[in-house]
Amino acid sequence: MTDQPHVVILGAGFGGLGVVERLRAANVRITLIDKNPYHTFQPLLYQVATNELGPSAVSFPLQELSNQYANLRFIEAAVQKIDLVNRQVLVAGQPPQQYDYLVIALGAVVNYFQTPGAASYALPMYTLNDALRLKAKILSQLEAAHQNPALCDEGALTFCVVGGGPTGVEVAGAIAELLRSDFIKDYPNLPTSRARIMLFEYAPDLLGPFQPALRNYAREELVKRGVDVRTSNGVSQVNAASIVLSTGESIKTQTLIWAAGLQANPLVASLGIPLAHGDRIPIDADLQITGHPNAFALGDIAAMKDAKTGAPLPGLGAVALQAGEYLGESIQRRLANQAVEPFVYCDKGTMATIGHGAAIVELPLGLTLTGLPAWLAWLGVHLSLLHTAEQRNTAIVDWGWNLITGRRGESGLSTDAKTPA
Ligand SMILES: Cc1cc2nc3c(=O)[nH]c(=O)nc-3n(C[C@H](O)[C@H](O)[C@H](O)COP(=O)(O)OP(=O)(O)OC[C@H]3O[C@@H](n4cnc5c(N)ncnc54)[C@H](O)[C@@H]3O)c2cc1C
């Protein structure tokens, strides 16, 4: 124990790690708590699911941070309750953690919008375990159809994706590429001509927040790759071997990927405070939980707002990371009794990829990119966002291997040492 202020950070995602990076040399004692022993880089999970990257490219062990930063202790445990009144956090299997400063960065969880059957049969895409489960499912469907092509009549090769945002578009595009890659040669009896990839979106357009020209480009590229894009069309029921659409149509499928929505981490209920937008933690302009000094929330769990317009900020890694970095700095300013400015998000643009050589980028001031330049920009940005040099090297080698050989899977240099159980 020391007399240094104790900063407890809940969640080692983009937001939590942003705070850690800015406080690692500060005169504070940091306790970082996450239920997983690794950090997950969610934007590339779909590449793990489609066998393009190995798990070690999108995750790294959090214990490494304890080894690197003298002021940090990592606890692998599930947070169970946050007590803002008594300034403590209850953690499974641990004594209560008293804090001087609290950072809540516990992210979001899948939202099935109470769609019947979805919780039982749909495959979400939000955690590393989800991605590995989806990869196993896709490979087992390929194997089954290879062994018995007649199973295609039952939808064995019908891959359905619900949600036409970046995640849904990226997964659908990646499955289309997987089915066209040399990897498929491992399944010589596979009737690939009977494979179907279907993407459903309730709204009239894919990729709602992007400019219309970019949305149209993405749709055309998906269609070129063989994806059956159905907009103004949702999934209203999920069964073990079929789905029912909002139009009443029934489709035989054993693989429904859920990329349709998120809700704040359910732990928000333990705070006992009125929430914003239904499920988000209300915060002030300096990310402090309204009415609770020295307790802060950021990222997907918080009602993040644009400082100038007051409009909600999107649930993006960039928002969470910048907020985390800002908060790490502002905690130091508070400790030094200096004034704290509001958090201002710097929008450097948004992007989504459809497949090799095809992506969309929307930059501030309305500038846009499509095609190969956009895809190269997407590669560069995602590489730079990966947390460790080892992750970047692994991703470069795996991507290079896939591009050069036309095959799928890890180059052999990736290691599964950090793969979750
Ligand atoms: C498939 C997918 C693709 C995405 N693509 C992009 C993209 O291309 N660009 C982009 O900017 N953003 C993207 N995002 C969004 C981005 O990943 C999130 O906005 C960002 O991760 C939010 O950061 P966060 O710190 O709030 O939460 P997270 O990064 O989700 O971190 C939350 C952490 O809390 C931990 N946790 C949760 N519950 C508990 C508990 N009870 N006890 C202990 N620990 C707990 C989790 O294990 C996790 O480590 C994508 C998201 C997904 C799911």
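I'd like the full set of residues that are surrounded by fewer than 19 Cβ atoms within 10 Å (Cβ to Cβ) and of a type in the set (Asp, Glu), limited to segment 267-310.
Listed by number, the residues that qualify are 279, 284, 286, 306.
Identify, from the list 372, 316, 376, 385, the residue that is free of Cβ contacts under 8 Å to residues at least 12 places away in the same chain and more than 17 Å from residue 286 (Cα to Cα).
376
Which one of the conditions (1) within 20 Å of residue 297 (Cβ to Cβ); (2) in the same structural domain as residue 298 (by TED's automatic domain parsing); (3) surrounded by fewer than 23 Cβ atoms within 10 Å (Cβ to Cβ) does residue 42 fail to meet, given that it meets all the rest?
Single failed check for residue 42: (2).
Name, by its number, the condition in (1) part of a strand (DSSP E or B); (2) out of contact with any Phe, Trp or Tyr (no Cβ under 8 Å at 6 or more places or on another chain); (3) within 12 Å of the ligand (Cβ to nearest atom) that does not hold for residue 352.
So the condition that residue 352 fails would be (2).
Would you tally the residues in segment 283-303 being assigned to a loop (DSSP other than H, G, I, E, B), out of contact with any Pro (no Cβ under 7 Å at 6 or more places or on another chain) and either within 15 Å of the ligand (Cβ to nearest atom) or farther than 17 Å from residue 340 by Cα (or both)?
The qualifying residues number 2.
Could you list, in sequence order, all residues of segment 304-322 that are within 16 Å of the ligand (Cβ to nearest atom) and in a loop (DSSP other than H, G, I, E, B)?
304, 306, 313, 314, 315, 316
Results for (1) out of contact with any strand residue (DSSP E or B) (no Cβ under 9 Å at 6 or more places or on another chain); (2) among the polar types (S, T, N, Q), shown as yes or no for each residue.
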| site | (1), (2) |
| --- | --- |
| 162 | no, no |
| 166 | no, no |
| 173 | no, no |
| 183 | yes, no |
| 188 | yes, no |
| 192 | yes, yes |
| 199 | no, no |
| 226 | no, no |
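I'd like the full set of residues that are of a type in the set (Lys, Arg), more than 16 Å from residue 59 (Cα to Cα) and not in a helix (DSSP H, G or I), limited to segment 1-49.
Answer for segment 1-49, where residues must be of a type in the set (Lys, Arg), more than 16 Å from residue 59 (Cα to Cα) and not in a helix (DSSP H, G or I): 24, 29.
Yes/no per residue for (1) assigned to a helix (DSSP H, G or I); (2) at pLDDT 95 or above; (3) crowded, with 22+ Cβ neighbours inside 10 Å:
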{"site": "132", "(1), (2), (3)": "yes, yes, no"}
{"site": "151", "(1), (2), (3)": "yes, yes, no"}
{"site": "156", "(1), (2), (3)": "no, yes, yes"}
{"site": "159", "(1), (2), (3)": "no, yes, yes"}
{"site": "168", "(1), (2), (3)": "yes, yes, yes"}
{"site": "177", "(1), (2), (3)": "yes, no, no"}
{"site": "185", "(1), (2), (3)": "yes, no, no"}
{"site": "193", "(1), (2), (3)": "yes, no, no"}
{"site": "197", "(1), (2), (3)": "no, yes, yes"}
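Any idea how many residues of segment 111-120 are outside any loop (DSSP other than H, G, I, E, B) and surrounded by fewer than 19 Cβ atoms within 10 Å (Cβ to Cβ)?
2
Tell me which residues, restricted to segment 59-77, are within 15 Å of the ligand (Cβ to nearest atom) and out of contact with any strand residue (DSSP E or B) (no Cβ under 7 Å at 6 or more places or on another chain).
Correct list: 64 only.
Restricting to segment 1-21, name every residue that is of a type outside the set (Val, Ile, Thr), touching a Ser or Thr at 6+ places or on another chain (Cβ under 9 Å) and more than 14 Å from the ligand (Cβ to nearest atom).
The one that is of a type outside the set (Val, Ile, Thr), touching a Ser or Thr at 6+ places or on another chain (Cβ under 9 Å) and more than 14 Å from the ligand (Cβ to nearest atom): 6.
Can you work out which of the residues in segment 216-266 that are surrounded by fewer than 18 Cβ atoms within 10 Å (Cβ to Cβ) and among the acidic types (Asp, Glu) is farthest from residue 175 (Cα to Cα)?
Of everything passing the filter in segment 216-266, 249 is farthest from residue 175 (Cα to Cα).
Could you grab me the full set of residues in segment 355-376 that are over 24 Å from residue 180 (Cβ atoms) and in a loop (DSSP other than H, G, I, E, B)?
363, 367 - these are the residues of segment 355-376 that are over 24 Å from residue 180 (Cβ atoms) and in a loop (DSSP other than H, G, I, E, B).
Restricting to segment 78-110, give me the number of residues that are in a strand (DSSP E or B), out of contact with any helix residue (DSSP H, G or I) (no Cβ under 9 Å at 6 or more places or on another chain) and more than 12 Å from the ligand (Cβ to nearest atom).
3
All but one of (1) in contact with a Phe, Trp or Tyr (Cβ under 8 Å, 6 or more places away or on another chain); (2) in the same structural domain as residue 209 (by TED's automatic domain parsing); (3) not in a loop (DSSP other than H, G, I, E, B) hold for residue 236, so report the exception by its number.
All conditions are met except number (1).
The values are calculated or read from the model by the stated rules, or taken from the named source; none is laboratory data. What you are looking at is a predicted structure, and each value in this text was computed from that prediction instead of being measured. Note that each Cβ is placed from the backbone with ideal geometry, even for glycine, and that neighbours are counted across all protein chains shown.
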